[in-house]
Structure formats: C-alpha cells, structure tokens
1. In which sequence would 260, 116, 27 go, from the one with the fewest C-beta neighbours within 10 Å to the one with the most?
2. In what sequence do 255, 118 fall when counting other Cβ within 10 Å, fewest first?
3. Could you please rank 233, 75, placing first whichever residue has the fewest other Cβ atoms within 10 Å of its Cβ?
4. Let's test the formula: R0 of 41 Å, r as the Cβ-Cβ distance of residue 204 and residue 25. What FRET efficiency results, to the nearest 0.05?
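Bear in mind that the values in this text are calculations on the coordinates, not laboratory data. Computed from a prediction, not measured in an experiment: that's the story for all the values here. A quick note on method: Cβ atoms are made from the backbone with ideal geometry, for glycine too, and the neighbour counts reach across all protein chains shown.
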Amino acid sequence: MRKLIIGLLILAGLAVVIDFGAAAYSEYRVSRALRVGADLSADPEVTIHGFPFFGQALDGRYQSVGIRAQAVRPDIPGQIYVEANLTGVRLPFRDLSDGKVRRVPVEKLDARMVIEPVELGRLFNIPDLQVHSRPADKSDGTGGSGGSGMTTNADGLILTGTLPGTGSREGGNGAQLAGDKVSVQAELKLVGDQVEITATGFYRGTGPDLPTGVEIPEAERPAVLARFSRTIDTKELPFGITPTKVFALGGQIQVEGKGENVTIDLDRLQRP
C-alpha cells in the first residue's frame, strides 16, 4: 500500500510538471506570435491562468490570459507598458500549438496603458517629477491617500518637480527658481482618446511627501504652470480598445478601457 501511494504521488507530480510545461510552451507560442505580429522589440509577458491547463486546452476555452508588453512611441521618451487581461479566450489547442492563429474570440477584455514616473519626468522635461494624489479630507472616507489611489476629479493631482532651465534669476521673495522644487495642483481627465494633464494652480498644503516648494513671482506663474501641463495621445489601447478611464496610481498614469465579446487581432497589440 505504501508503494502504491508513493507511486500515485509520483505520477501526480509528473502530471503537474507536464501540465505546467505545456502551459509554458503555449505561453511562449502566444508571446512569439504577438511579438512578430505587432512588431515589438521584445517578447511580451504572457500568463495563462487556471489549472489544469490541459483541461482548458481540451475544452478550447481558457479562463484567463494576461499580457504585458513594453512599447516604444516617438511622442513619449523611454518606454511605456501596455497590458491586457483576456477572460474566456476561445482557441483550440491545435491552433495554439502551430502558431498560425491570428484572430481570437474573447468574452471580456480589459486593456491598459501605463506610463511610469521616469517616463513622465522625461515627457515633462522635469527628471525628478513626482505624481501624487491630492490629500483628501478625513470626512470623505479615504483619510487622504497621498501617493496612491485613483484620481479623476478636477485638481486631483499634485505634481512636484525641480524647474529646469530657469538660470540663476531670483524670484520676488529672493528665492532662486533654478534648482528649487515646485508643487502644483493639476487636473487629470480623458478627452476622447487624449489624456489631458493641466496645471491649475500652486499647491499650498503640507506633508512630508508633498513639499510646497518656493513662492513663484506673479509674472512667472503662467510659464511655470505650462511646464506642468501636457496632452498625451493614447492612440488606442491594446487590441484597439477605446479608453474610458484615466487615473493616477503609485506615481503612474494609467489609462484603461474594456470590451466584451470581441475578436482580437494578434497583430494589433501595438499599433503606431
């Protein structure tokens, strides 16, 4: 009986190893198809969720598939990330294994574009740019989320950074503008396919992570606010999904969109 139990455990372990191996191979095939079809510079990360994999493969329906890829755009210095979570993916294992499939039916698709703090700093030409959510009143139930949380309301962002290229001029209060941090409050909103970040005023709050910065002379304020304002064209989210929401989270700017009962084209993960 002991030998039988040990033998069954070994067989079960082998079955798990084989199942994970088959899942890894399938993830590789999808990753290669995406890289070639969408002309990416590197293989995207593909994760097929759910166990056992063979059960999903035999049924031709995969519970959940996650995709994350680096994208390079001429209008955004550095790299951004595009992500897609696919639910209810219809794909026969034979089509998956030969790597020839291009169009795949999906029950639900969540798409996202993520711009990291470093890329945001390059975009604004403010290398040390930091993005925070505006501290909320304790009465609103959030307790002031600081640098995390969702931001979609007017003046919901605080942008902090050092003003570049201002020379050694001095402001009216004797404080040098060059090399000093400035904090502004900004509006973040989605207008069609474009993300608009508009600085609306100077931040006067307090907090260890939200310095108030120097006092800006009245004549300099419009130019400084303009430095903290940008429009970002989303172009389109992965697989042609239309953006519906934008928010700040952990210093990132994230744009999201959703689709249901769509057929995705593996050549459209990234389209210039």
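1. On the way: 260 10, 116 16, 27 21.
In order of increasing Cβ crowding within 10 Å: 260, 116, 27.
2. On the way: 255 23, 118 14.
Arranged by neighbour count, lowest to highest, 255, 118 become 118, 255.
3. Values: 233 12, 75 8.
The most exposed by this proxy come first: 75, 233.
4. Details: r = 57 Å, r/R0 = 1.40.
Computed FRET efficiency for residue 204 and residue 25 comes out at 0.10.
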